[in-house]
Structures are given as structure tokens and as C-alpha cells.
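Quick note: the coordinates plus some simple rules give every number you see, no bench work behind them. Computed from a prediction, not measured in an experiment: that's the story for all the values here. As a convention, Cβ positions derive from the backbone with ideal geometry for all residues, glycine included, and neighbour counts pool all protein chains shown.
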Amino acid sequence: MGIDRRDFLRAATAGAGLALSGAGVSATEAGGRRSPLVRSGQAPDIVVVGAGAFGAWTALNLQRMGARVIMIDQYGPANSRATSGGETRGVRTSYGDRPHGLLWGRWAARAIDRWTAWDEEHSDDLLPPLFSTTGDLILREEMVPFLEETMANWDVMGHTYEVLTPDEVHYRWPVIGLPDIKVAVYEPAAGVVRARRAIESVARVFEQEGGTIRIGRVAMGARDGRRVLDVQVDDQDRVTGGTFVFALGPWFPKFFPELMGKRLRIRTLGHVYYVSTPPGDESYRVPNLPSYNVPGVTGWPALPHDARGFRIRTGGHRDDDPDTSVRWIDAEYHARPREVLAQYFPALADRPFNETRACHYESSVDSNFIIDRHPDFDNAWLAGGGSAEAFKQGPVLGEYIAGRVLGTETDEELIEGFRLKAEEFEEDERRGP
């Protein structure tokens, strides 16, 4: 993964120079653990703003590729307001409903390997395991284009899947109800990641390997023509750098209102419930039940060593401010998950909810990721537009973004696909349903 340090400096600071300012805050001065690559008084090579799935994985990969990196987040890695701060996230490759579904499917398949490798790599560090292989079961009343395109993508990928009859589903997982279900497709390799623990783990390894994390509210600082010189932290300190990566999730429209205000749709999309399972009944725990996808709803069984319960996600209420939105789910919204449980998991329909969660997602105009230079600055990058699917691909996304920043990722088709599009949402579209 490493590159020659001189090559890195040329790539990271081409056309911009390395900002060195005695008034700025260096990685060491910002409170991070001194590493062999950080020299007192020297600014970090790269400043990553945002410590979610995009930011944390990018910062770690930049660090491993030879950069000095400081990562700044206003609430800290794995905080409850982050899109990546929920308890769990599913990892699947079924993207037949996306025009870029084949790419996402391939990246998600690679991400499954990376999640597994991460657990193996850090088992000796006593980091908690993150990935559980559950398999994923998609249930529909009839064959739909989403499934047809997904299976076509899987055939191109050489990815294993099974088409099951309702009788086969009932035989394998008798607790699943099958009202009017005629089509079932099963992906054995899919799984679930403990999301909050994952970001905590990535942040911890990032620091152990020499990176610096600072918690504080960030604002744009000084600029010199097409160069960003620094960012302001808590209206007091300046953090300087040669290159800046903004991985802001649903905060993008607040941070760059003119650029991103109409290019991202922000809404509290996901209502997540963790349902108590019957004592002594292992039917609703891994490995005895797969994750599931029914129209408009996804979820998965209770994870081992987790005890949060059976997970179900439905649509959510509207609120486009990630700083002030309410993150618990009022009882007025509880009827929908109860209906879904009664249909597909009837024994859980009246079980108590252990926890509820709500988190923002941000969607781009073309529902693809945004990985591109800021159009006004030569040394600033935008990484976001997760469109509800970025977390699961985090290990692969972080490698790719780091490569783009350092100039080692040059595939023109990918560059074009992830470009910040000129199209914008209309106001009613931006706020979502």
C-alpha cells in the first residue's frame, strides 16, 4: 500500500504547495499521539473533515499510503448523529434498481472480503468482531425488474445466489410468514456489520498508526485563489494542510450551501427498531435466520454477542437538519413495523421494542457517490452522496478516495461516474417524501 514519500508529496501538493504556517495547528499540536512521520511544527499533509464511513476509511488509507493526516469531526467518530453511527448496517450486493448496480455490486462483494479480513487482522488487538455472515433473503409477490437486473449483475460477477420457492423458504426458515410471496432470491455471502463499533475501530487503528483525531466544529478558513489554506475549528484555531477532504454526509448542504444545497437530498429516512425475541428461542438469531428484504423494509436477525434484538427498518419522518433533528421514534410511527412483523414474522408482532434509532441519509441527484474535486479549489475534495449504501462499501470506498486524492486511481469511467453533477433537485424533491 505504501508509496515513496517524495512521490506522495508531489501528488498531494501538486500546484498548491504544502501549507506551513506557524499560526496553524499541526497534527501533533492538535492533541494527537506523536508518530514517526509527524514533526513538531509542521502542518499535516492532508486534513479530512468528517469521521464517518467516508472520512474514517479515507483517513486511514491516506495514512497507510504515507500521508500525515488529521481527521476532524464536530461530534467525534461513531457519534449518534452520524449516518454511520447506528448500531448495525447490512452488506449485500443486490443493486438491480441502480443504473450503476454492477459497479456497486462488485464493490460490495470486495467489501465483504475486506470486512472479513479486518476482523482477522485485528483479532489479536482484541477489537470486537464486526462482520457476521447472515445471507440475505429477498421476498416479492412476483418477479420484478429489481430482481431480474440483480440476478443479471450476479451472473456477470460470477456471484453465488439461489432462487427459492416459498416451500423451500418455509422449510429452511419456518418462522418466516409468506403472505402472497411467489418469488424468493437468496444471497448466501451477504452479512451485517456492527456499524458504530466499526467506525470506532477504524478510528482507533488510524490513531495507532500515527493519525490524529480532533473533535470540533469546522468552518472554512483562509483561501488564496484556488487554494484552501486552512480550516477554522471552534472559531479559534486554524488547522493548515496541503490537501483537504470534505466528507460531510448530510452536513454538506450546511457547509457548502451554494454548491451542495440543491445537489443533495437530506431527510431522516431510516426508522430502525430492535425487537425483543422470545427467551430461549434461537430462531431469530444468527445463524438461524438470514437478513431480509421485503417491499420497503429491510432487517436482520439478532447478532451473536449483541443482544439488541431483531432488527427492522421502515421509512421515516422528514427533517433536513442533522444537527437538530430528533433521533428517537415516537409511538405514532410504531404501527408500520408492527404490520410488517405481523405479515412476515408473526411471532414477533407483539414483542416489545428494545431500542429505536433514526438517522439521516443523503442522496445525490443520480443516486451515485460523489468523489470529486471541489470546483472552486484545486486542493479540496468532496466525498459523499452515500445514498443509503456507502457504509457497507466503506473499506473499498476509502481505498478508492485515497487513491483519487493521491493520483493513483485514474479510471476515467469511475471518475466520470462519481463526478459532482450539474443537475440539481427541485425544492420538493430535495426534501423528499
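Things worth noting here:
- Residues whose amide H lies under 5 Å from that of Arg223, counting only those 5 or more places away or on a different chain, are Leu229; hydrogens are built 1.01 Å from N in the peptide plane.
- Between Glu332 and Glu258, the contour length at 0.36 nm per residue exceeds the alpha carbon distance by 23.1 nm.
- The label-point distance for Arg110 and Arg226, in a model that sets each label 7 Å from Cα toward Cβ, rounds to 2.9 nm.
- Our helix-only sum for the chain, with -39,500 (n - 2.57) per DSSP H run of n ≥ 4 divided by its residues, gives a mean residue ellipticity at 222 nm of -8000 deg cm²/dmol.
- Each Cα pair under 8 Å and six or more residues apart adds its sequence gap; the mean of these over the residue count of the chain is a relative contact order of 22 percent.
- Residues Leu102, Leu130, ranked from the fewest to the most other C-beta atoms within 10 Å, line up as Leu102, Leu130.
- Rounded to whole Å, sorted largest first: equivalent-ellipsoid semi-axes of the range 101-224, Cα gyration tensor: 38, 19, 15
- Relative packing of peptides 52-64, 350-362, 313-325 - highest average C-beta neighbours within 10 Å first: 52-64, 350-362, 313-325
- Over the range 192-270, the ratio between the Cα radius of gyration and 2.2 N^0.38 Å evaluates to 1.33.
- Taking the square roots of five times each eigenvalue of the Cα gyration tensor of the chain, the equivalent ellipsoid has semi-axes of 39, 22, 21 Å, listed largest first.
- Fewest-first ranking of Ile46, Ile112, Ile215, using other Cβ atoms within 10 Å as the exposure measure: Ile215, Ile112, Ile46
- Phe369 long-range amide H proximity, modeled H, under 5 Å: none
- Sites Ala349 and His317 - FRET efficiency at Förster radius 30 Å, r taken between beta-carbons, to 0.05: 0.85
- Distance cut-off 22 Å, percentage of C-alpha pairs in the range 254-360 lying past it: 38 percent
- Percent antiparallel among DSSP beta bridges (both partners in the chain, rounded to 5): 70 percent
- Here Leu126, Leu414, Leu303, Leu382 are placed in order of increasing Cβ neighbour count within 10 Å, fewest first, which gives Leu126, Leu414, Leu303, Leu382.
- Full extension of the chain segment joining Glu413 with Ser80 gains 116.4 nm, where the gain is 0.36 nm per residue of separation less the Cα-Cα distance.
- With Cα atoms, 0 to 90° folded angle of helix 145-157 axis to the chain main axis: 60 degrees
- Inter-part distance, the range 244-299 to the range 198-238, computed on C-alpha centroids, equals 26 Å.
- Quick note on the range 46-115: its Rg to Rh ratio, both from C-alpha atoms and Rh being the Kirkwood radius, is 1.04.
- Contour minus Cα-Cα distance for Arg308 and Asp234 (0.36 nm per residue): 23.1 nm
- Here the Karplus relation 6.51 cos²θ - 1.76 cosθ + 1.60, evaluated at θ = phi - 60°, turns the backbone of the range 114-119 into coupling constants of 5, 4, 5, 5, 4, 4 Hz, with x for every Gly and Pro.
- Sorting 174-185, 154-165 by average packing, meaning the other beta carbons within 10 Å per residue, from highest down gives 174-185, 154-165.
- Evaluating 6.51 cos²θ - 1.76 cosθ + 1.60 at θ = phi - 60° for every residue in the range 160-169, the Karplus couplings come out as 6, 8, 10, 9, 10, 8, x, 5, 5, 4 Hz, glycine and proline recorded as x.
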